[in-house]
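All remarks here apply to the structure that follows.
The values are calculated or read from the model by the stated rules, or taken from the named source; none is laboratory data. Please read all numbers here as calculations on a predicted model, not as lab measurements. In this analysis, Cβ positions are derived from the backbone assuming ideal geometry, glycine residues included, and neighbour counts consider all displayed protein chains. Quick note on the areas: whole protein, heavy atoms, side chains included, nothing else; ligands and nucleic acids left out. Shrake-Rupley method; radii C 1.70, N 1.55, O 1.52, S 1.80 Å.
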Amino acid sequence: MSDMVKVEASPQDRFLTMVEHMSGTQLTDADLVKFGRIMDMQIQYRDYQAKQDFSRAAATAQGKIGLILRDKERASGPIKGNYASFDQMVAQSKEILADHGLSISFNEVIENEQPGILHMEAIYRHVGTHHEIYNIKVPFDTSSNKSAVWAKGSAITYAKKYLYSMILCLGTGDDDDGLVATTYVPEGISAMQKANLMMLVEQAESSIDKLYRRYNVACVDDLSQAQYENACEGLTDKINSRKAVDAEVLNTQPENFLNV
């Protein structure tokens, strides 16, 4: 005689059983209110699980992506040496992302667009339905007498590269390729660095005015390279601290979240 195995019903199964039961009964207003609250709890629980699955998959995938090879050589410009292209970043990471149900897509944001500025959006998705959105604004690359189409196309390439690298925290070694797409400013910071700084300020939910007061400058153009690097380090620490808090919350499993 075989032993009976007791299978614990999942919250989703219990919820569906309750819906089937309630569909065959006469519901009062109080029942409808209770049912609405249970629906809200079910949605919250589903979103919680999806976000937890996303965080686990993203962390595992990121740990498997190694140092990106620098596959291109700069033919001209003030910065010499090799750099990692966007194609190389994708080639070394796309299969790992796919193995963990992750994908990254890009869109151009056309609402309130500014002349000569590209606003690019990246969507980091997981098959479990959760996704996160990242943004960056990049000036058109008008160097070397580029045509209008070429200038925008170059900006698209750099925006995709830096968003992709930022999302996956990719390492390429010493890579200053971002300076090639802009006018090199030895004493200050480049247009690409300005865009990166603004993106970090937004992600850290900080204010550019706070940055001005901290470094006693009137605008971004007045920042030195040292101040820029220091600001980026501080903003990145703040962003990572927020992510650590979110991760701690996600690791706390709710007990008896649904009792239906």
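Cβ contacts < 8 Å: first residue within 13 Å of PHE106 (Cβ to Cβ) and touching a residue at least 12 places away in the same chain (Cβ under 8 Å), restricted to region 129-141; second residue open to solvent by less than 60 Å² (accessible area, probe 1.4 Å) and among the polar types (S, T, N, Q), any location; separation 6+ or different chain. Result?
Cβ pairs passing all conditions: TYR134/GLN203; ILE136/ASN196.
Look at MET199 and say whether it is among the hydrophobic types (A, V, I, L, M, F, W, C) and either open to solvent by 30 Å² or more (accessible area, probe 1.4 Å) or modelled with pLDDT under 80 (or both).
Here the answer is no, as MET199 does not meet what is asked.
When you check ALA231 against the structure, is it at pLDDT below 80 and either touching a His at 6+ places or on another chain (Cβ under 8 Å) or of a type in the set (Gly, Ala, Ser) (or both), yes or no?
no
Residue-by-condition table, conditions (1) surrounded by fewer than 19 Cβ atoms within 10 Å (Cβ to Cβ); (2) among the basic types (Lys, Arg):
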{"site": "ASN112", "(1), (2)": "yes, no"}
{"site": "LEU118", "(1), (2)": "no, no"}
{"site": "ILE123", "(1), (2)": "yes, no"}
{"site": "GLY128", "(1), (2)": "yes, no"}
{"site": "GLU132", "(1), (2)": "yes, no"}
{"site": "ILE136", "(1), (2)": "no, no"}
{"site": "ASP141", "(1), (2)": "no, no"}
{"site": "LYS146", "(1), (2)": "yes, yes"}
{"site": "VAL149", "(1), (2)": "yes, no"}
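Could you list, in sequence order, the residues of region 115-128 that are free of Cβ contacts under 8 Å to residues at least 60 places away in the same chain, closer than 18 Å to ALA159 by Cβ and in contact with a helix residue (DSSP H, G or I) (Cβ under 9 Å, 6 or more places away or on another chain)?
Within region 115-128, GLY116, ILE117, LEU118, HIS119, MET120, GLU121, ALA122 qualify.
Suppose the filter is at pLDDT below 50 and open to solvent by 40 Å² or more (accessible area, probe 1.4 Å); does ASP209 pass it?
It is false that ASP209 is at pLDDT below 50 and open to solvent by 40 Å² or more (accessible area, probe 1.4 Å).
Name the pairs whose Cβ atoms lie under 6 Å apart, with the first residue in region 210-235 and farther than 13 Å from MET198 by Cβ, the second of a type outside the set (S, T, N, Q) and surrounded by 13 or more Cβ atoms within 10 Å (Cβ to Cβ), and 6 or more positions between them or separate chains?
Qualifying pairs under 6 Å: VAL217/LEU223; GLN227/TYR215.
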